[in-house]
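For reference, the structure discussed in these notes is given below.
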Amino acid sequence: MQDPKEIKALLNLLDDPDEGIYDHVSKKLIDCGPVVIPVLERAWEDFSYGVLFQNRIEEIVHQIQFEHVQSLLKKWVSGDKRNLLEAVYIVCRYQYPDFDEAKFNSFFELLKRDVWLEINDDLTALEKVRVINRVIFGIHGFSANTTNYHAPQNSYLNEVLESKKGSPLTLSIIYMIVCEMLEVPVYGVNLPRHFILGYVDAFSDDNKKILFYINPFSKGTVLSKRDVTHFLSQLKLETKSKYYATCTNKSIIARLLNNLIYSYTKASNNIKVEELSVLLDILKSK
């Protein structure tokens with residue numbers, strides 16, 4: 001339903017004190033999907049309608065945007081490729097529905113170019129990592145956000161790309177995306193309490209054999225398997241094989257959502273906790 005006259009008629013009923021009428025009207029508008037948002041936003045700017053009308057507009061716009069995010073995530077989960085950056089952008093759209101995706105794509109192209117200018121196939125794996133570290137952490141100045149470690153902004157990639165400060169997971173995501181663009185075999189490792197990366201031996205028959213580990217939260221420090229074992233022992237955790245292996249993009253997005261749920265739980269924002277739990281359930285459903 002996108003008839004302008006019908007939408008206008010529905011808008012005229014939005015400030016009706018009868019909750020039953022409001023429920024019916026809001027459902028009709030939500031069913032229109034994202035295309036109706038510009039109309040709702042223009043109506044919100046008309047102050048003659050009153051505060052109740054504006055509050056209800058905000059609720060409807062948010063619900064439309066949230067359902068759109070759910071739809072995008074369901075499509076991503078059911079797809080074959082499950083591109084990491086695409087899913088990270090979907091998570092960004094939960095909080096920032098209008099963020100400029102093209103702007104951040106351009107920034108990743110810049111990161112890729114800067115690394116590409118210094119990297120070549122004659123370099124060893126360690127030498128390639130040194131180049132990537134120099135570009136991401138040296139030239140572009142990305143670093144660990146130790147001051148506001150649990151802030152939600154640490155889990156929204158657009159915020160991290162703007163501030164140049166991130167969590168172990170978001171810094172690792174940036175690192176992985178650049179490596180993927182340059183076909184450097186670096187993948188996520190879902191270590192408890194601290195996400196790291198693994199550099200896979202591209203010439204091994206076992207395409208999951210990890211040569212060494214990388215910690216983007218400490219500006220790309222290279223770690224050995226022994227270092228990972230020591231970290232686990234400090235946490236008094238069992239040394240399970242999955243802690244040393246690469247993980248899927250789906251598990252990375254699940255961890256990203258769990259980080260956000262934890263952040264908003266600490267902030268007592270129950271609405272966001274409930275909504276992000278819905279998104280997490282979508283990942284678990286497939």
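A few comments on the model shown:
- Hz values of 3J(HN,Hα) by residue in segment 195-201 - Karplus curve (6.51, -1.76, 1.60), Gly and Pro given as x: 7, 10, 10, x, 8, 7, 6
- Each of ASN12 and GLU127 was given a label point 7 Å from its Cα along the Cα-to-Cβ line. The distance between the two points is 7.5 nm.
- Per principal axis, descending, Cα span of the chain in whole Å: 67, 43, 38
- Seen against the Cα atoms of the chain and their longest principal axis, helix 225-234 is set at about 60 degrees.
- When the chain is treated as a GNM with alpha-carbon contacts under 10 Å, the residue of HIS194, HIS68, HIS24 showing the greatest mean-square fluctuation is HIS24.
- Set of lysines near LYS27 by C-alpha distance (under 30 Å), chain-local residues within fewer than 8 positions excluded: LYS5, LYS8, LYS74, LYS75, LYS272, LYS284, LYS286
- Top of LEU72, LEU182, LEU235 by mean-square fluctuation, Gaussian network on the chain, Cα under 10 Å: LEU235
- For the chain, built as a Gaussian network whose Cα springs stay under 10 Å, the top-fluctuating residue of TYR22, TYR94, TYR149: TYR22
- Annotation: amide H-H contacts under 5 Å for PHE212 (H modelled 1.01 Å from N, sequence separation of 5 or more, or interchain): TYR199.
- On a per residue basis, the convex hull of the C-alpha atoms belonging to segment 4-78 measures out at 87 Å³.
- Distance cut-off 18 Å, percentage of C-alpha pairs in segment 109-152 lying past it: 38 percent
- Cα extents of segment 166-286 along the three principal axes, largest first (Å): 47, 34, 28
- Estimated from helices alone, the mean residue ellipticity of the chain at 222 nm is -17500 deg cm²/dmol (sum of -39500 (n - 2.57) over DSSP H runs with n ≥ 4, per residue).
- Net charge dipole, segment 37-129: roughly 340 debye, given to the nearest 20, about the Cα centre with Cβ charges of +1 for Lys and Arg and -1 for Asp and Glu.
- For segment 17-101, applying the loop criterion from DSSP together with a ceiling of 16 other beta carbons within 10 Å to the trypsin sites (Lys or Arg not before Pro) yields LYS81, ARG82.
- Long-range HN-HN contacts of ILE196 with modeled amide H, under 5 Å: VAL189, LEU191
Since every read-out is calculated from the coordinates, none of them should be taken as a lab result. Fair warning: this is a prediction, and the values are worked out from it, not measured in the lab. Neighbour counts are summed over all protein chains in view; Cβ atoms, including those assigned to glycine, are modelled from backbone coordinates with ideal geometry.
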